[in-house]
1. Packing-wise, with mean Cβ within 10 Å as the measure, how do 173-180, 46-53 rank, highest first?
2. Using the count of nearby Cβ atoms within 10 Å as a rough guide to exposure, how do Val215, Val32 rank from fewest to most?
3. Which of the three applies to the stretch 65-109, rounded, prolate or oblate, going by the alpha-carbon gyration tensor with a ≥ b ≥ c and a/c under 1.5 meaning rounded?
4. Let me spell out the model: positive unit charges on the Cβ of Lys and Arg, negative unit charges on the Cβ of Asp and Glu, origin at the Cα centre of the chain. What dipole size does that give, in debye rounded to 20?
5. Using Cα-Cα distances under 8 Å and only pairs 6 or more residues apart, what relative contact order does the chain have, in percent?
6. Going by alpha carbons, how many degrees (0 to 90, nearest 10) lie between the helix axis of 62-74 and the longest principal axis of the chain?
7. Amide H neighbours of Asn160 under 5 Å, counting only residues 5+ apart in sequence or on other chains, H built in-plane at 1.01 Å?
8. In debye, nearest 20: dipole of the stretch 81-168 around its Cα centre with unit charges on the Cβ of K, R (+) and D, E (-)?
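Nothing in this text is a laboratory measurement; each read-out follows from the coordinates by a stated rule. A quick note: this is a predicted structure, and the numbers were derived from the prediction, not measured. When we count neighbours, we look across all protein chains shown, and the Cβ atoms used for this are built from the backbone with ideal geometry, even at glycine.
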Amino acid sequence: MTIRDVLVKDEHVRAAHIEEGWVRLEGKVAIVTGSSSGVGKGIAIGFAREGATVVVTCSHNQAGAREVAAEIERLGCQSLVVQGDVGRKKDAHALINQTQAAFGRLDILVNCAGISLRAPFAEFPEEYWDIIHRTNLKGTFLCSQAAVPLLRQSRGAILNIASINGAITTYNFAAYAASKAGIEGLTRGMAIDLGQYGIRVNALRVGWIAVERDVDLGEEIRQKNAERFPLRRIGEVEDVMGPAVFMCSDDARFVTGAVLPVDGGHSIIFNSGYPQGVVPEGAWDRPEERIR
Ligand SMILES: NC(=O)c1ccc[n+]([C@@H]2O[C@H](COP(=O)([O-])OP(=O)(O)OC[C@H]3O[C@@H](n4cnc5c(N)ncnc54)[C@H](OP(=O)(O)O)[C@@H]3O)[C@@H](O)[C@H]2O)c1
């Protein structure tokens, strides 16, 4: 069965897309690490909507990974679940080998597996530091390096999931911020070294996306935070799908080493102290006072 045979809830949109030749990842095989939940789950399903075969990965949450794989198959695409720790070289190679054994190729690797642990810097536990860097940064390095031979054959693409915290950050987030800033540097370095093989490497600098762990977030807190975003809302996993598909599709064939913010504009605004960015009347500048 191919994607063309399947009827899904967004069947009208998809039918139109297929009609217009807009299904952008058909025939591609993608790995999305950390796709048992959250942002990675969204990207994996977004890829399947575009016709890709998707390898779903987790470290512990096998039930979540299996659900995502079932959703991908419901969309008419093939899927495989692989469990492992991205921070272990053996597991990174096993992921690539299992993908090759199942599908014979690899076109896209999305390094999304990640973790954030918060604590005040002065008391920040060394083991938190190690877990964060081993997963976020070393995991991206290991999976990407293991994928290079197959991506050379397909002239494929790597997409790293960075964070707004790599650019601006907040209290108790220093180690996570460092790991995500590191991913941006790694993205540029990999893009330079792998360009000669036709492999593109880009990153999404993702802002706050509501995921499963935010389910208990009250409406009041959600609204209060939403006011800090120029687009007046925090993100949903669906907001990451389009940019991820674009970066990994042939539409972005001349884009490499780029870091695309996907954050509702959160990173371009500083806290003016005015609610919802509305400047009170008395705060208007009067030209006669300012221009002499
Ligand atoms: N949500 C946001 O607001 C946001 C914003 C910016 C960036 N991001 C980034 O998006 C990515 C996903 O985050 P999320 O918010 O969607 O969190 P999440 O729902 O907790 O997803 C994390 C994913 O990473 C996997 N994972 C964690 N440690 C791993 C390891 N050592 N080896 C293999 N897989 C591992 C998890 O698998 P298991 O569940 O099986 O452990 C899960 O699939 C992270 O890189 C995060 O930094 C998120």
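1. Result, highest mean first: 46-53, 173-180.
2. By the 10 Å Cβ count, ascending: Val215, Val32.
3. Values: a/c = 2.70, a/b = 1.54, b/c = 1.75.
Since a/c reaches 1.5 but b/c is at least a/b, the shape of the stretch 65-109 is classed as oblate.
4. Working: 32 positive and 35 negative charges, 169 e Å.
In total the dipole reaches around 820 debye.
5. Answer for the chain is 16 percent.
6. Long axis of 62-74 versus the principal axis of the chain: about 70 degrees.
7. Asn111, Asn202, Ala203, Leu204
8. 440
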